[in-house]
Amino acid sequence: MYDVAIIGCGIVGAATAYELSRYNLKVLVLEAQNDVSEATTKANSAILHAGYDPEPGTLMARLNVEGVRMAKELCEKLDVERDQIGSLVLAFDDEDLKRIQKLLHNGEANGVPGVRILSRQEVLEREPNLSDKVVGALYAPSAAIVSPWEFCIALAETAVRNGVELRLSTPVTAIDKGEAAYVLHTPKGDFEAAYVVNAAGCDADKIHEMVGGSGFSTQYNRGEYYVMDKTQGTLVSHVIFQCPTKEGKGVLVAPTVHGNLIVGPNTGAVDSGDQVGNTAQGLDYVRRMAARSVPGINYRDSIRNFAGVRAQTEHDDFIVEESKFAKGFINLAGIKSPGLSAAPAIAVMAVDLLRQAGLSAQAKDHFTDTRRRAVFHRMTPGEKREAIRKNPLYGRVICRCETITEGEMVDAIHRPIVPTSIDAIKRRCNSGMGRCQGGFCGPRVHEILSRELGVPLDEIEMDEEGSYILTTPTKEAAV
Ligand SMILES: Cc1cc2nc3c(=O)[nH]c(=O)nc-3n(C[C@H](O)[C@H](O)[C@H](O)COP(=O)(O)OP(=O)(O)OC[C@H]3O[C@@H](n4cnc5c(N)ncnc54)[C@H](O)[C@@H]3O)c2cc1C
């Protein structure tokens, strides 16, 4: 029997697993998908928000500011790309100036470091490519950009390295509440755990209902984006927001840690968490709104569109609490933005709630809290020569756009969480992230995965469960 079972391995489940892996506990993570970070965690704005946006006194406010502080340290220790470039919320008229003043008060009340208002001239000196209609901005130096999937993979990998058991492609389909334990049913067998953490993102309401719980339901809200080629990546050097509205933080323009430019999102209600397609209207709205801030974006240099779904509930705050219906069952639900930023702090709160519910947790004597990856294009010429001498696969560039070598891919395949799809390699190595979007390297990555995993080519998926690329005619059909 496990002490704790975590359902879902997005950033919230991964951070909770990492936090629990500090203790002498038997911890299991059940993830429906074939990789961690497969849902909302891989499809968002990738900002570690400073924390002036949530209303003071809310859980969101406290966990955002604390989470961002923790994320800084975690990214350093666990080798996650993060860049503290600061953010600007632009004001275009007197109404906006009042709004950024209110955000300043929020920021000060929430304990956001260094937040202040800049004049028009100060803003345009920092960001010459902004619209000349800007009249001022709120500056938050602690805002950062991050690789959201790398953050999640790093936390999950470190948890596994410290003894947490992760089962991928294992969706929880039903839960029985026993006297001393929960029994979690999956297509791959049943698992018993004394305590359960529900980190199932858009499906957290359905998981809670499995133990007879109610009190919140998910309302799905999609946000769509453009990712621009690196030619556009230096158009701005801060995260550029517009004033937030009831619908969200509005359309932003920001560099990414990989050197691209991200533009989006819009907001639009959808029926489920898997409706991640793009729409002409959504993208049109994104372009029009972004032009208010940065008029010179060249959309001919767009290399990808994507969308992510926000898990909102009828409550205007995160739900981080023990279920009123099931003892020892902790809901981490309604984790909309700034959930990526808040996740490390949500995880600490989840462990406190488990303890309050009776979990006895003794700290381990040995906890591995560092992680390093070999990234070829970051190496000096001398380091490159040495890497190739030790392993000639570092001399074979597979992804030409991003200069990613076969050595990095093979290393990624042999890490504690085995990537089995082409996009799982992309999330670990950045292959296929460039201008050609995998047109050249995709088939090579496919072959490398097949060879290293010892599985036929037609069993390799592009990304999510069931996204096979090749089909083999059945024997009957071939005859
Ligand atoms: C458009 C958009 C922009 C955003 N921008 C930002 C931002 O810039 N900064 C920020 O801080 N936040 C941002 N967010 C919010 C942030 O992305 C989320 O708060 C965060 O990713 C939520 O993580 P999660 O782990 O709760 O959910 P998810 O990442 O969705 O993970 C839940 C996991 O549970 C699994 N699961 C579901 N059902 C089951 C089951 N039955 N059995 C097993 N596993 C199951 C899923 O497969 C999934 O992997 C944004 C969100 C969106 C949509």
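Assess whether Cys75 counts as being within 10 Å of the ligand (Cβ to nearest atom) and not acidic (Asp, Glu).
no
Just to be sure I understand, how many residues within region 93-133 are in a loop (DSSP other than H, G, I, E, B) and closer than 27 Å to Met60 by Cα?
Residues meeting the conditions: 5.
For the condition at pLDDT 95 or above and under 25 Å from Glu95 (Cα atoms), what is the one hit in Val239, Val227, Val257?
Answer to the check: Val239.
I'd like the residue in region 42-75 that is of a type in the set (D, E, K, R) and touching a strand residue (DSSP E or B) at 6+ places or on another chain (Cβ under 8 Å) and, out of all such residues, is nearest to Arg373 (Cα to Cα).
For region 42-75, the residue satisfying everything is Lys72.
Step by step: first the residues of region 210-224, then only those that are out of contact with any Cys (no Cβ under 8 Å at 6 or more places or on another chain) and within 11 Å of the ligand (Cβ to nearest atom), then the one that is nearest to Val286 (Cα to Cα). Which residue is that?
For region 210-224, the residue satisfying everything is Glu224.
Select from region 225-238 the residues that are assigned to a strand (DSSP E or B) and within 16 Å of the ligand (Cβ to nearest atom) and write down the one among them that is nearest to Ile335 (Cα to Cα).
Ranking the candidates gives Tyr225 first.
Give me the strands (runs of 3 or more DSSP E) completely within region 137-221, filtered to those with at least 2 residues that are surrounded by fewer than 18 Cβ atoms within 10 Å (Cβ to Cβ), ordered by residue number.
165-167, 174-177, 182-186, 189-198
On the basis of being more than 21 Å from the chain's Cα centre (by Cα) and either within 22 Å of Pro338 (Cβ to Cβ) or within 16 Å of the ligand (Cβ to nearest atom) (or both), does Gly107 make the cut?
yes
Which residues, taken from region 448-471, are loosely packed, with under 15 Cβ neighbours inside 10 Å and either without any contact (Cβ under 8 Å) to a residue 40 or more places away in the chain or over 18 Å from Lys426 (Cα atoms) (or both)?
Arg451, Gly454, Val455, Pro456, Asp458, Glu459, Gly466, Tyr468, Leu470, Thr471
Could you look through region 30-45, keep only residues that are within 6 Å of the ligand (Cβ to nearest atom), of a type in the set (A, V, I, L, M) and buried (at least 24 other Cβ atoms within 10 Å of the Cβ), and pick out the one that is farthest from Glu464 (Cα to Cα)?
It comes out as Leu30.
Here's the yes/no breakdown for (1) more than 15 Å from the ligand (Cβ to nearest atom); (2) within 23 Å of Ala143 (Cβ to Cβ); (3) surrounded by fewer than 24 Cβ atoms within 10 Å (Cβ to Cβ):
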residue	(1), (2), (3)
Phe306	no, yes, yes
Glu314	yes, no, yes
Glu321	no, no, yes
Lys324	yes, no, yes
Ile330	no, no, no
Gly334	no, yes, no
Arg355	yes, no, yes
Ala361	yes, no, yes
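Have a look at Lys364, Lys336 and point out the one that is under 22 Å from the mean Cα position of the chain (by Cα) and not assigned by TED's automatic domain parsing to the domain that holds His446.
Lys336
Tell me the residue from Leu74, Leu78, Leu90 that is buried (at least 24 other Cβ atoms within 10 Å of the Cβ) and in contact (Cβ under 8 Å) with a residue 60 or more places away in the chain, please.
Leu90
Working only within region 308-323, note down all residues that are of a type in the set (D, E, K, R) and closer than 9 Å to Ile335 by Cα.
Arg310, Asp317
Given the criteria more than 11 Å from the ligand (Cβ to nearest atom), within 19 Å of the chain's Cα centre (by Cα) and either assigned to a loop (DSSP other than H, G, I, E, B) or within 30 Å of Val134 (Cβ to Cβ) (or both), does Gly277 qualify?
Here the answer is yes, as Gly277 does meet what is asked.
Mind checking which residues of region 167-187 are closer than 18 Å to Val27 by Cβ and away from the ligand (no atom under 11 Å from the Cβ)?
Ala180, Ala181, Tyr182, Val183
Restricted to region 418-446, and to residues that are within 25 Å of Thr231 (Cβ to Cβ) and among the polar types (S, T, N, Q), which residue is surrounded by the fewest Cβ atoms within 10 Å (Cβ to Cβ)?
So, considering only residues that are within 25 Å of Thr231 (Cβ to Cβ) and among the polar types (S, T, N, Q), the one surrounded by the fewest Cβ atoms within 10 Å (Cβ to Cβ) is Gln437.
Residues that are at pLDDT 95 or above, closer than 26 Å to His366 by Cα, polar (S, T, N, Q) and not in a strand (DSSP E or B): does region 47-66 have at least one?
No - not one qualifying residue is present in region 47-66.
If Ile448 passes every condition in (1) in a helix (DSSP H, G or I); (2) modelled with pLDDT under 95 but one, which one does it miss?
Checking Ile448 against (1) in a helix (DSSP H, G or I); (2) modelled with pLDDT under 95, the one that fails is (2).
Go through region 1-29 and give me each residue that's more than 14 Å from the ligand (Cβ to nearest atom) and in contact with a Phe, Trp or Tyr (Cβ under 6 Å, 6 or more places away or on another chain).
Val4, Arg22, Lys26, listed by residue number.
The values are calculated or read from the model by the stated rules, or taken from the named source; none is laboratory data. Just so it is clear, the model here is predicted, and its values are computed rather than measured. Heads up, the Cβs are rebuilt from the backbone with ideal geometry, glycines too, and the neighbour counts pull from every protein chain shown.
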